[in-house]
Amino acid sequence: MKNDSVLPRGQGRRRGPEFPPYDTATVAAILDRWRDQPGNLLPILHEVQQALGFVPPGAVGQIAKAISRSRAEVHGVISFYHDFRTSPPGRAVLKVCQAESCQACGSRELTAHAERTLGCKLGETSRDGAVTIEPVYCLGNCACSPAVLLDGALHGRVTPAALDRLLAQARRQP
Amino acid sequence: MTIKVCVPRDAAALSVGADATAAAIATAAQLAGQTIQLVRTSSRGMFWLEPFVEVETASGRVGYGPVTAEDVPGLFAAGFLQGGAHPLAHGKVEAMPFLARQERLTFARAGLTDPLSLADYEAHGGLRGLRRALGMAPTAVVEEVVASGLRGRGGAGFPTGIKWRTVAGAPAQPKYVVVNADEGDSGTYSDRMVMEGDPYVLLEGMAIAGYATGASFGYIYLRSEYPHALAVLNEALATLRARGVYGRSVLGSDFAFDAEVRVGAGAYICGEETALLESLEGKRGMVRFKPPLPAIKGLFGQPTVVNNVVSLASVPIILDRGGAHYADFGMGRSRGTLPIQLAGNVKRAGLVEKAFGVTLRQLIEDYGGGTRSGRPVRAVQVGGPLGAYFDQRLLDLPLDYEALAQHKGMVGHGGIVVFDDTVDMAEQARYAMEFCAVESCGKCTPCRIGSTRGRELIEKIVRGEDVARNHRQLLALCDVMENASLCALGGMAPWPVLSALQYFPGDFGLPEKEPAHVV
Ligand SMILES: Cc1cc2nc3c(=O)[nH]c(=O)nc-3n(C[C@H](O)[C@H](O)[C@H](O)COP(=O)(O)O)c2cc1C
Ligand code: SF4
Ligand code: FES
């Protein structure tokens with residue numbers, strides 16, 4: 001279970017204005033497209049996150065209302081799944097595989113190397129806001145372990161030196 | 001004459017530079033004034049050789065690999081378009097020992113075709129199974145699958161035909177076909193290869209399942225870690241609709257079928273079929289109590305066939321060649337072939353489709369060539385993160401559902417992860433508990449709380465704290481998890497832990513002993 005609270009403690013009952021503003025029009029357009037489809041909550045959350053980089057806590061009410069679910073239910077779904085985040089990530093997201101096949105090929109060392117280089121732990125963003133590193137459990141690239149996913153691009157047989165090159169590239173991005 | 005050159009577009013090949021290799025080949029051909037037809041195919045599944053380039057010559061396809069972009073000028077200089085000799089050359093691809101000793105049924109087209117070309121698919125036997133099925137009574141289609149002996153390749157090994165029979169017999173409408181494309185087990189990638197490399201075989205299998213059971217809509221629940229598969233499947237679906245294979249009238253018959261891909265959100269437990277259904281309904285992926293079986297009350301409360309990607313991808317050839325042909329492969333109650341995936345620290349990592357009965361040692365040594373690091377094999381995990389760790393003494397076990405189960409191992413989804421002698425098995429055991437804690441759906445206490453307690457106990461044992469007592473507690477905890485968890489995540493997470501304790505006690509600082517039950 002993901003241990004991730006969307007709402008600050010004790011603020012569960014507050015309404016929109018307490019949350020930072022977000023792009024309600026983009027969310028409304030996504031909701032319009034999915035409104036009448038069965039089982040639409042995951043696709044909606046994916047699209048919101050794709051468009052805005054994360055699911056703004058303020059959007060929970062807007063989503064819940066549009067699909068006739070309670071805010072608690074929507075919050076419950078967001079907090080259940082590892083993919084959904086409720087605050088903006090770094091400019092690049094690096095997912096480092098932590099699962100067994102990659103472990104057998106040096107992923108523990110690779111993860112430690114990434115943490116040292118970026119100066120932050122798994123689940124955190126480097127101080128300069130350039131890169132968020134996250135754990136991922138198997139990328140289906142176990143025949144080319146260790147594997148990482150950098151902004152959706154898959155890389156295999158990743159050595160610490162290769163990771164340095166990828167990170168340097170990512171950090172140069174505006 | 002235009003020469004055909006094939007470079008895979010499989011995600012694993014791309015992850016080691018296949019796009020750059022393909023671009024370099026196109027440029028070099030242009031420079032040489034040579035017109036080539038560059039085709040982006042699926043992968044053969046020989047991943048240690050990726051990017052693996054094949055050139056079609058008069059005497060068949062010859063292979064080169066691993067070919068980086070920098071290798072390309074040298075290959076042209078060596079005349080590789082004519083199959084010229086080069087240190088990266090492997091000769092005729094079909095004759096390469098890794099491939100020649102396989103029995104590829106489900107993966108018959110791997111590496112041969114352009115995944116999205118329907119013409120290629122049909123030229124290589126595609127749609128024959130669906131055509132034959134549409135000419136039969138639905139119940140006869142179900143019985144053909146029963147006769148094949150096909151068992152679910154997702155992990156539980158339940159006979160596919162029997163499941164279909166239940167759904168076919170359920171009176172409620174509508175019914176659904178749901179594809180489990182969550183492929184969460186470490187060491188597995190055969191579902192990914194099917195979806196990226198041969199999407200039509202999965203979609204054909206789905207339509208056959210729909211026809212046999214009376215369902216006319218399907219969902220593919222795809223893990224979010226597979227963006228390439230998502231793109232390929234959506235394009236393949238659009239093509240099938242445009243060509244009248246999917247839609248109101250499947251291949252001109254009265255049968256209507258369509259499907260949609262839905263993307264998961266990074267939760268291992270959503271591979272468990274009832275959690276998957278909850279997730280498809282837009283809820284938290286919490287495991288349901290059974291009964292009712294999904295076959296009776298599944299998605300949105302309707303009768304639902306839930307099958308793994310490889311299970312459904314095995315159906316078209318069963319309908320095409322007949323159940324008996326498929327059942328001729330295999331041993332005992334494990335019929336047909338299994339796509340085995342070699343992973344971890346293994347020299348030749350890749351896909352081996354073989355009839356059941358091949359031993360772990362044959363797979364790791366003959367096919368895999370031992371470890372990639374060149375050090376001795378110390379431990380092998382079979383069947384994903386919930387499978388037992390085996391040591392050397394168990395490698396002569398045949399890959400067979402029943403044989404492995406005797407040792408708390410499992411075929412699972414067919415993944416084999418190899419570790420060399422630098423592995424710390426206490427750390428692997430600790431990870432097994434940690435993974436269970438991270439991925440637990442939280443419905444039952446033994447799994448939700450027990451996994452965290454288990455991790456703590458292992459840490460204490462390793463630190464040498466009150467070892468005898470904590471060891472006893474760990475065994476008791478594993479017993480509770482095994483017997484009182486609702487699903488196999490909590491119920492089997494103890495297996496890797498107990499096997500590590502049994503075969504590698506020294507890694508925990510416990511006295512070494514001869515394990516009691518070794519073959
Ligand atoms: C924790 C857990 C994870 C699972 N993950 C998967 C998975 O990723 N893919 C899959 O096909 N089956 C998975 N299964 C098995 C499914 O519950 C189910 O047996 C399968 O989808 C049925 O299809 P099949 O009969 O074709 O194998 C998992 C089971 C459990 C308990
Ligand atoms: S064993 Fe774990 S994952 Fe399975 S139902 Fe119980 S809490 Fe959920
Ligand atoms: S275990 Fe890392 S890609 Fe599969």
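The values are calculated or read from the model by the stated rules, or taken from the named source; none is laboratory data. These numbers come from a predicted model, not from an experiment. Positions of Cβ are backbone-derived with ideal geometry, glycine not excepted, and every protein chain shown enters the neighbour counts. Ligands, DNA and RNA are stripped out before the accessible areas are found, and what is left, the full protein with its side chains, is counted by its heavy atoms. Shrake-Rupley method; radii C 1.70, N 1.55, O 1.52, S 1.80 Å.
General remarks:
- Separation of the range B:184-248 and the range B:433-512, taken as the distance between their Cα centroids, equals 37 angstrom.
- Out-of-range pairs (alpha-carbon distance over 31 Å; input A:Lys121/B:Lys443; B:Lys163/B:Lys283; B:Lys4/B:Lys354; B:Lys163/B:Lys443; A:Lys65/B:Lys163): A:Lys65/B:Lys163
- Between the listed residues A:Ala112, B:Tyr401, B:Asn308, the Cα displaced farthest toward the positive end of the dipole of the protein assembly as shown, a dipole computed from Cβ unit charges relative to the Cα centre, is found at B:Asn308.
- Distance-filtered residues of the range B:188-218 - backbone nitrogen under 18 Å, label point 7 angstrom along A:Gln37 Cα→Cβ: B:217-218
- Per residue, the accessible area of the protein assembly as shown comes to 38 Å², computed with a 1.4 Å probe over protein heavy atoms only.
- Computed FRET value (nearest 0.05) for A:Thr26 with A:Glu115, which takes r as the C-beta separation and R₀ as 30 Å: 0.35
- P(r) histogram, all alpha-carbon pairs of the range A:92-172 included - 5 Å bins from 0, percent: 3, 18, 32, 27, 14, 4, 1
- Three-way shape call for the range B:161-316 based on the alpha-carbon gyration tensor, with the a/c threshold at 1.5: oblate
- Antiparallel DSSP beta bridges within chain A, percent to nearest 5: 55
- Note on the range B:425-508: percent of Cα-Cα distances in each 10 Å bin, starting at 0 and stopping at the bin with the largest distance, equals 21, 57, 20, 1.
- Shielded residues, the range B:191-227 - accessible-area loss of 30 Å² or more between chain alone and all protein chains, probe 1.4 Å: B:Arg223, B:Glu225
- Net length gained if the chain between B:Ala89 and B:Ala140 were fully extended (0.36 nm per residue, minus Cα distance): 13.6 nm
- Checking every one of the trypsin sites (Lys or Arg not before Pro) in the range A:101-174 against DSSP loop status and a limit of 11 other Cβ atoms within 10 Å picks out A:Lys121, A:Arg127.
- Per-residue ellipticity at 222 nm computed for chain B from its helices equals -11000 deg cm²/dmol, with DSSP H segments shorter than 4 residues left out and the rest contributing -39,500 (n - 2.57).
- At a threshold of 50 Å², the residues of the range A:137-163 that become less accessible to a 1.4 Å probe in the full protein assembly than in their chain on its own are A:Tyr137, A:Cys138, A:Gly140, A:Cys142, A:Ala143, A:Leu154, A:Arg157.
- Distance from the alpha carbon centroid of the range B:32-55 to that of the range B:350-397 works out to 29 angstrom.
- Taking Lys and Arg as +1 and Asp and Glu as -1, the other residues whose beta-carbon sits under 10 Å from that of B:Thr57 total +1.
- Sorted into 10 angstrom bins from 0, the C-alpha pair distances of the range B:3-100 split as 17, 57, 25, 1 percent.
- Excluding ligands, DNA and RNA and using a 1.4 Å probe, chains A and B jointly bury around 3800 Å² of accessible surface, summed across both partners.
- The eigenvalues of the Cα gyration tensor, multiplied by 5 and square-rooted, give chain B an equivalent ellipsoid with semi-axes of 38, 32, 19 Å from largest to smallest.
- Separation of the B:Ala476 and B:Ala172 label points, Cα + 7 Å toward Cβ, nm: 4.3
- Additional length obtainable on full extension of the chain from B:Lys513 to B:Ala324, 0.36 nm per residue less Cα span: 63.4 nm
- Ordering B:Val93, A:Pro57, B:Ala137 by the projection of their Cα atoms onto the charge dipole of the protein assembly as shown, which places +1 on the Cβ of Lys and Arg and -1 on the Cβ of Asp and Glu, puts A:Pro57 at the extreme positive end.
- Maximal additional length on extending the B:Asp396-B:Thr452 stretch stands at 16.7 nm, based on 0.36 nm per residue less the C-alpha distance.
- In degrees, nearest ten, helix A:160-172 long axis to first principal axis of chain A (Cα): 40
- Under 16 Å from B:Lys290, Cα to Cα: aspartates and glutamates that are on another chain or at least 8 residues apart: B:Glu272, B:Glu273, B:Glu278
- Per-pair calculated FRET efficiency, R0 = 22 Å: B:Arg131 and B:Ala238 via Cβ, rounded to 0.05: 0.55
- Nonpolar atom fraction for the protein assembly as shown, defined as the carbon and sulfur part of the 1.4 Å probe accessible area, stands at 53 percent.
- Mean ellipticity per residue at 222 nm, deg cm²/dmol - from DSSP H runs of n ≥ 4 across chain A, formula -39500 (n - 2.57): -12000 deg cm²/dmol
- Looking at the range B:417-518, the trypsin sites (Lys or Arg not before Pro) that sit in a DSSP loop and have at most 15 other Cβ atoms within 10 Å of their own Cβ are B:Lys513.
- Across chain B, the longest run free of exposed loop sites, meaning GluC sites (Glu not before Pro) lying outside DSSP classes H, G, I, E and B with no more than 14 other Cβ atoms within 10 Å, spans B:1-464.
- Per residue, the convex hull spanned by the alpha carbons of the protein assembly as shown comes to 165 Å³.
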